[in-house]
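K.L.:
Pasting in a structure now, in structure tokens, and then I'll have a few things to ask.
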Amino acid sequence: MDISGVQIVLIFIVACISGMGSILDEFQTHRPLIACTLIGLVLGDMKTGIIIGGTLEMIALGWMNIGAAVAPDAALASIISTILVVAGHQQIGAGIALAIPLAAAGQVLTILVRTITVGFQHGADRAAKEGNLRMMDWLHMSALLLQAMRIAIPALVVALTVGTSAVRNMLDAIPEVVTGGLNVAGGMIVVVGYAMVINMMRAGYLMPFFFLGFVVAAFTNFNLVALGVIGLVLALIFIQLHPKYNTQYAAAAPAGDSGLDDDLDDELD
Amino acid sequence: MSTEMTTGQKKLTKKDLFWVFVRSNFLQGSWNFERMQALGFAFGMTPAIRRLYPKGSEERKQAMKRHNEFFNTHPFMAAPIVGVTLAMEEERANGAEIDDAAINGIKVGLMGPLAGVGDPIFWGTLRPVFAALGASIALSGSILGPLLFFILFNAVRLGMRWWGVSYGYRKGSDIVSDMAGNVLQKLTEGASILGLFVMGALVNKWTKVNIPFVISKVKNPTTGKTDITTVQSVLDQLMPGLVPLALTFLCMWLLRKKVNPLVIILGFFAVGILGYWANILR
């Protein structure tokens, strides 16, 4: 498939928006669901874009920046794998497989940019010495632009070369056992993302809720909305009934038991 | 001080608050490894600094320096901190005895606990739940999936941001006593319950492992058909989704051992290709 000049420009813009979303983590334009859909739209096959987005989103579910830790990069993975699948005529499974090394590459690139940005921070110190608010604004926005280029430039390179026979031959040379195997692996790798989310919230006394969710899903046909409502109701009931949130009732307990009394005093302190 | 007496009380306008809110959406734009969200925080405070401290004044330079100090928290939970800081800056500009240490103390004191609440609520529960919902619809190729995720998540996020900035501004440093209650703990724990429940369901339903390895072929004497027993059919009789559950716990354990998630994913790729080649996995 030939990519027109207008499409190249649009890919560049979408990649910029996605790159900014990746560092800001606000509008979620770097998430596969959004980025892949937009690239699909630009390349004239939105449906494929949405399907890749949905598949990658499940894999990337646990990719989150916490504290100073940098997550694998969903932006670069989403944008480039969608270009390769739609414009390079690859199977979705192959696109997903290519997305993983791309996520690692994107992670390295954002760490690089986040290090370069230290210089912008020092520039802001100078702006503060002069009381120059406008310069501080510019420094901040330039750093953001650098993050946009981190995605946009690689995307541009791929968009310009995906139509060449060298790239096409390389993609077509992937043997069937690899694409088939990657499709099989695709059903399993989603658990890595789930494990990342679970690990973050894991507390021994809350794990029964995890197993309850597992069993309810195993033996019912509830969709995610229904499961979400059940989870929310369970959370509300737990909070309403848990003794540690009900000290006003606990305080009215008979005062004869001295051990209980001590516990309460500790809690009230 | 005397000039302030003649010009009257300095007050942030509704418009200033709105622009601080808009700019707070760019908090992490210049995230760097030295001071993390520091420049982003100062960027967000700009409309207030412009309003409160006159151009070219020493106070303006000090305010800019003050907000370029180390700062890092959950990006959405930064909103109430921004609000509190606005209130303190306003008081200070009107001559109250609030020094740099007091303002930075509040910022640093709030950023840890609020990140501890924001991470499980937004990254652990809200985004995965909305994203899984969107993705499950998107797998059929429907635009509803991405739209639902984008609109739901951003509606909650923007609502939280605006509420956070205005609530923090209204409360000022009193917000610390609000946080001493157990509201935050309730929210965190409630979000964790919802998140873990949905994760349990996802592990069971939104994974795909098939091991069609044949254990036995028995010819049924009454019907004459051959009953094929595979590893998968035995496992499914026990409980559907047992293999994904085991894999999830394996991953959790590996991640706690600080194994890079991308390395685990590559490992799964290797297993998938080998299994496919050996006809064990489909």
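The values are calculated or read from the model by the stated rules, or taken from the named source; none is laboratory data. All figures in this text were calculated on a predicted structure; none of them were measured in a lab. Cβ sites come from the backbone with ideal geometry, for glycine too, and all protein chains shown count toward neighbours.
K.L.:
Looking only at residues that are surrounded by fewer than 24 Cβ atoms within 10 Å (Cβ to Cβ) and among the polar types (S, T, N, Q) in segment A:1-27, which one is modelled with the lowest pLDDT?
P.N.:
Here the answer is A:SER4.
K.L.:
Okay, moving on. So B:MET1 fits all but one of (1) modelled with pLDDT under 95; (2) touching a Ser or Thr at 6+ places or on another chain (Cβ under 9 Å); what number is the exception?
P.N.:
(2)
K.L.:
Inspect segment B:263-271 for any residue being more than 29 Å from the chain's Cα centre (by Cα), facing chain A (nearest Cβ under 10 Å) and buried (at least 17 other Cβ atoms within 10 Å of the Cβ) and give the result as yes or no.
P.N.:
Within segment B:263-271, one or more residues are more than 29 Å from the chain's Cα centre (by Cα), facing chain A (nearest Cβ under 10 Å) and buried (at least 17 other Cβ atoms within 10 Å of the Cβ).
K.L.:
Still on this model: Please enumerate the residues belonging to segment B:137-182 that are over 17 Å from B:PRO80 (Cα atoms), aliphatic (A, V, I, L, M) and either surrounded by 15 or more Cβ atoms within 10 Å (Cβ to Cβ) or touching a Ser or Thr at 6+ places or on another chain (Cβ under 6 Å) (or both).
P.N.:
Answer for segment B:137-182, where residues must be over 17 Å from B:PRO80 (Cα atoms), aliphatic (A, V, I, L, M) and either surrounded by 15 or more Cβ atoms within 10 Å (Cβ to Cβ) or touching a Ser or Thr at 6+ places or on another chain (Cβ under 6 Å) (or both): B:ILE137, B:ALA138, B:LEU139, B:ILE143, B:LEU147, B:LEU148, B:LEU152.
K.L.:
Ok, one more. Test each condition in (1) touching a residue at least 40 places away in the same chain (Cβ under 8 Å); (2) within 17 Å of the chain's Cα centre (by Cα) for B:PHE150 and report the one that comes out false.
P.N.:
(1)
K.L.:
Can you name every residue in segment A:196-224 that is more than 7 Å from chain B (Cβ to nearest Cβ), in a helix (DSSP H, G or I) and either small (Gly, Ala, Ser) or under 23 Å from the mean Cα position of the chain (by Cα) (or both)?
P.N.:
A:GLY204
K.L.:
Does at least one position in segment A:102-120 carry a residue that is over 30 Å from B:THR46 (Cβ atoms) and not in a helix (DSSP H, G or I)?
P.N.:
No, there is no match, as no residue in segment A:102-120 is over 30 Å from B:THR46 (Cβ atoms) and not in a helix (DSSP H, G or I).
K.L.:
Which one of these is within 25 Å of the chain's Cα centre (by Cα), within 18 Å of A:ALA71 (Cβ to Cβ) and more than 9 Å from chain A (Cβ to nearest Cβ): B:GLY109, B:GLY118?
P.N.:
Of B:GLY109, B:GLY118, the one residue that is within 25 Å of the chain's Cα centre (by Cα), within 18 Å of A:ALA71 (Cβ to Cβ) and more than 9 Å from chain A (Cβ to nearest Cβ) is B:GLY118.
K.L.:
State the number of residues belonging to segment A:158-195 that are closer than 14 Å to B:VAL203 by Cα, surrounded by fewer than 24 Cβ atoms within 10 Å (Cβ to Cβ) and in contact (Cβ under 8 Å) with a residue 12 or more places away in the chain.
P.N.:
Of the residues in segment A:158-195, 1 are closer than 14 Å to B:VAL203 by Cα, surrounded by fewer than 24 Cβ atoms within 10 Å (Cβ to Cβ) and in contact (Cβ under 8 Å) with a residue 12 or more places away in the chain.
K.L.:
Next question. Taking segment B:44-59, which residues are within 32 Å of the chain's Cα centre (by Cα) and at the interface with chain A (Cβ under 7 Å from one of its Cβ atoms)?
P.N.:
B:THR46, B:ILE49, B:ARG50
K.L.:
Given the residues A:TRP138, A:TRP63, which is the only one that is in contact with a helix residue (DSSP H, G or I) (Cβ under 6 Å, 6 or more places away or on another chain) and aromatic (Phe, Trp, Tyr)?
P.N.:
The unique qualifying residue is A:TRP63.
K.L.:
Please verify whether B:LYS217 is touching a residue at least 12 places away in the same chain (Cβ under 8 Å), closer than 30 Å to A:PHE27 by Cα and charged (D, E, K, R), treating the condition exactly as stated.
P.N.:
The answer is no for B:LYS217.
K.L.:
Further question on the same structure: Report yes if A:ALA185 is farther than 30 Å from B:PHE249 by Cα and not in a loop (DSSP other than H, G, I, E, B), otherwise no.
P.N.:
Taking the combined requirement at face value, the residue does not satisfy it.
K.L.:
Which residue pairs have Cβ atoms under 7 Å apart, sit 6 or more places apart or on different chains, and have a first residue in segment B:34-56 that is more than 17 Å from A:ASP137 (Cβ to Cβ) and a second that is part of a helix (DSSP H, G or I) and basic (Lys, Arg)?
P.N.:
That search, which allows pairs on different chains as well, returns B:PRO54/B:ARG60.
K.L.:
Same structure again: Tally up the residues in segment A:86-140 that are surrounded by fewer than 16 Cβ atoms within 10 Å (Cβ to Cβ) and of a type in the set (Ser, Thr, Tyr), please.
P.N.:
Residues that pass the stated criteria total 1.
K.L.:
Considering A:GLY193, A:GLY123, A:GLY131, A:GLY163, which residue is at positive phi and out of contact with any Ser or Thr (no Cβ under 6 Å at 6 or more places or on another chain)?
P.N.:
Residue meeting the stated conditions: A:GLY131.
Per-residue answers, yes or no, for (1) in contact with a Leu (Cβ under 6 Å, 6 or more places away or on another chain); (2) more than 7 Å from every other protein chain (Cβ to nearest Cβ):
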{"position": "A:CYS16", "(1), (2)": "no, yes"}
{"position": "A:GLY21", "(1), (2)": "no, yes"}
{"position": "A:PHE27", "(1), (2)": "no, no"}
{"position": "A:HIS30", "(1), (2)": "no, yes"}
{"position": "A:THR37", "(1), (2)": "no, no"}
{"position": "A:VAL42", "(1), (2)": "yes, yes"}
{"position": "A:GLY49", "(1), (2)": "no, yes"}
{"position": "A:ILE59", "(1), (2)": "no, yes"}
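K.L.:
Checking the condition at the interface with another protein chain (Cβ under 7 Å from one of its Cβ atoms) and either modelled with pLDDT of 90 or more or closer than 30 Å to B:GLY200 by Cα (or both), which residue from A:VAL113, A:VAL158, A:VAL184 passes?
P.N.:
A:VAL184
K.L.:
Could you check segment B:121-143 and list, in sequence order, the residues that are touching a Leu at 6+ places or on another chain (Cβ under 8 Å) and either facing chain A (nearest Cβ under 7 Å) or small (Gly, Ala, Ser) (or both)?
P.N.:
Passing the criteria: B:PRO128, B:VAL129, B:ALA131, B:ALA132, B:LEU133, B:GLY134, B:ALA135, B:SER136, B:ALA138.
K.L.:
Mind telling me which of the residues B:THR207, B:THR230 ends up being surrounded by 15 or more Cβ atoms within 10 Å (Cβ to Cβ) and at the interface with chain A (Cβ under 7 Å from one of its Cβ atoms)?
P.N.:
Sole residue among the options that is surrounded by 15 or more Cβ atoms within 10 Å (Cβ to Cβ) and at the interface with chain A (Cβ under 7 Å from one of its Cβ atoms): B:THR207.
K.L.:
Okay, next question. Just one of the numbered conditions (1) within 23 Å of A:ALA103 (Cα to Cα); (2) crowded, with 17+ Cβ neighbours inside 10 Å; (3) at the interface with another protein chain (Cβ under 7 Å from one of its Cβ atoms) is not true of B:LEU254; which one?
P.N.:
(3)
K.L.:
Name the residues in segment A:29-52 that are surrounded by 24 or more Cβ atoms within 10 Å (Cβ to Cβ) and closer than 30 Å to B:ASN72 by Cα, would you?
P.N.:
Hits for segment A:29-52 are A:HIS30, A:ARG31, A:PRO32, A:LEU33, A:ILE34, A:ALA35, A:CYS36.
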